[in-house]
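The values are calculated or read from the model by the stated rules, or taken from the named source; none is laboratory data. Just so it is clear, the model here is predicted, and its values are computed rather than measured. Here the Cβ positions follow ideal geometry from the backbone for every residue, glycine too, while neighbour counts run over all protein chains shown. We work out accessible area using only protein heavy atoms, side chains counted, and drop any ligands, DNA or RNA first. Shrake-Rupley method; radii C 1.70, N 1.55, O 1.52, S 1.80 Å.
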Amino acid sequence: MTASPPHPRETRIDIIRRRVRLAYDSAAARAWTRLPRVSEDGLNAISFLFPLGEAFFCRSVAHYRDRITDPALRDAADRFIHQEANHSREHARSNAALREANVLGAELESVARILLAIAKTIWPRATQLAITCALEHFTAMLAARLLSKRLLYKEGTDPAFAHLWLWHAAEEIEHKAVCFDVYEHLFGRGVWAWLHRILGMVIVTVSGGIGLLVAFTVVRLRLLFRPRRPASAAAAGGAPSGPSLRNLFGSLPVSDYTAYYRRSFHPWEQDDRALLEAWKLEHPGFGLPEPHPHAAAA
C-alpha cells in the first residue's frame, strides 16, 4: 500500500549550505540570453531587486532567531539566512556586470530602496516578518516556474547567468516554508495571526504594484532619450529569438496567489520536491565543497 504524502506542515526538506561564486562578464551581460529583449530586461530588473530584498528577509528572520524554541526550526532559520545572504551577494556581483553593460532595470533598485526604507520605518517587526512571508511566497511561485522550464531557459544562455538563476530558484524551493513556519511558531495560527499575515500580503501586493508601475514608467522615459542597446548576439545572427518570458515562467495561476489568503494555507501545499531533485541530479555537488580525499577512509 502506497504511503500517503506528509501533511504540508510536516514536510521536511534539506536546506543546504552551498558556497557559490560565479564569474560574470560584462560583455556577456549585455545580451546574456536568447530570450526576447523584453524578457531579458525583466529578469535583469528582478535581479536588481534581490540584494536589498534578500537583506530585508535576513533581518526580518534574524530579529526573532533567539525567540525560536524549536531547535530544528532555529537551524532551518540559520540556513535560510545563509542562503539568502549568498543570493544577495551573488546578485550584487552579477548586477555589477549588468551595470557595466548599461542594461535596463537598475531603476527598480532605487524604487525598492525607498519602499523597503518606508517598510522598516512605519511597520513593526512582526509586520515586517509578515511582509517577508508574502514576498517569499512570490519568489517560490516564480522559482517553481523557472525550474519547470529550466531546460528551455538554459538553451542559449550564458552559463554564469544560467547557474545563477537556477541555483537561486532551487534554494528558494528548499527554504520556501521557513519564514512562514517561523511566523506561525511565534504568533500561532489564530484569527489575529492569520489576518496579520494577510495584511503582509496586501502591503506587498499594493506597494509592489505601485513600485513596479513607477519603475517601468522611468524605464520607458529612459528609452525615449537613449538609443536601445543592440539585440542579442543570437538574434543579430539571424537565430530564433528564443522563448518569451511568458513561455519561460508560464502563466502564474491566480489560484497559487489566492491560496495564500486561506487560514489553513501552508507553502508545502504546492509540493515542488520533484523539481528540486531534478535540478540536483543535473547539477550534482553544485556549490558544495569537494570531498576530502581521505573522507571515505575515515
Q: Could you please find all residues in the stretch 148-161 being assigned to a helix (DSSP H, G or I) and touching a residue at least 40 places away in the same chain (Cβ under 8 Å)?
A: 148, 150, 152, 153, 160, 161
**Q.** Residue selected from the stretch 150-170 under the condition within 15 Å of the chain's Cα centre (by Cα) and hydrophobic (A, V, I, L, M, F, W, C), by the criterion surrounded by the fewest Cβ atoms within 10 Å (Cβ to Cβ)
**A.** 162
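For the stretch 20-134, give me every one of the helices (runs of 4 or more DSSP H) that falls completely inside it and has 3 or more residues that are open to solvent by 30 Å² or more (accessible area, probe 1.4 Å) and within 25 Å of residue 149 (Cβ to Cβ).
Of the helices (runs of 4 or more DSSP H) lying wholly inside the stretch 20-134, those with at least 3 residues that are open to solvent by 30 Å² or more (accessible area, probe 1.4 Å) and within 25 Å of residue 149 (Cβ to Cβ) span 37-62.
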Q) Which of the residues spanning the stretch 245-270 are part of a loop (DSSP other than H, G, I, E, B), at pLDDT 90 or above and either surrounded by 14 or more Cβ atoms within 10 Å (Cβ to Cβ) or of a type in the set (S, T, N, Q) (or both)? A) 264, 265, 266, 270
Q. If you go through the stretch 1-42 one residue at a time, how many are modelled with pLDDT under 80 and out of contact with any Ser or Thr (no Cβ under 6 Å at 6 or more places or on another chain)?
A. 17
Q) In the stretch 77-110, which residues are within 17 Å of the chain's Cα centre (by Cα) and under 30 Å from residue 186 (Cα atoms)? A) 77, 79, 80, 81, 82, 83, 84, 85, 86, 87, 88, 89
Q: Note down all Cβ pairs under 6 Å where the first residue falls in the stretch 195-206 and is closer than 8 Å to residue 127 by Cβ, the second is aliphatic (A, V, I, L, M), and they're at least six residues apart or on different chains.
A: 196/130; 200/130; 200/131; 200/134; 203/131
Q) Given (1) surrounded by fewer than 19 Cβ atoms within 10 Å (Cβ to Cβ); (2) in contact with a Phe, Trp or Tyr (Cβ under 6 Å, 6 or more places away or on another chain); (3) within 18 Å of residue 90 (Cα to Cα), where does residue 8 come up short, assuming only one miss? A) (3)
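Determine, yes or no, whether residue 147 is open to solvent by 40 Å² or more (accessible area, probe 1.4 Å) and either under 18 Å from the mean Cα position of the chain (by Cα) or more than 18 Å from residue 68 (Cα to Cα) (or both). Quick ask: steps written out before the conclusion?
Numbers: open to solvent by 40 Å² or more (accessible area, probe 1.4 Å): no; either under 18 Å from the mean Cα position of the chain (by Cα) or more than 18 Å from residue 68 (Cα to Cα) (or both): yes.
Against the criterion (open to solvent by 40 Å² or more (accessible area, probe 1.4 Å) and either under 18 Å from the mean Cα position of the chain (by Cα) or more than 18 Å from residue 68 (Cα to Cα) (or both)), residue 147 does not qualify.
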Q: Only residues in the stretch 105-123 that are in contact (Cβ under 8 Å) with a residue 12 or more places away in the chain and closer than 16 Å to residue 42 by Cα count as the first member; pair them with residues that are open to solvent by 30 Å² or more (accessible area, probe 1.4 Å) and of a type outside the set (Phe, Trp, Tyr), Cβ under 6 angstrom, at least 6 apart or cross-chain, and list the lot.
A: 107/218; 108/49; 111/214; 112/49; 112/52
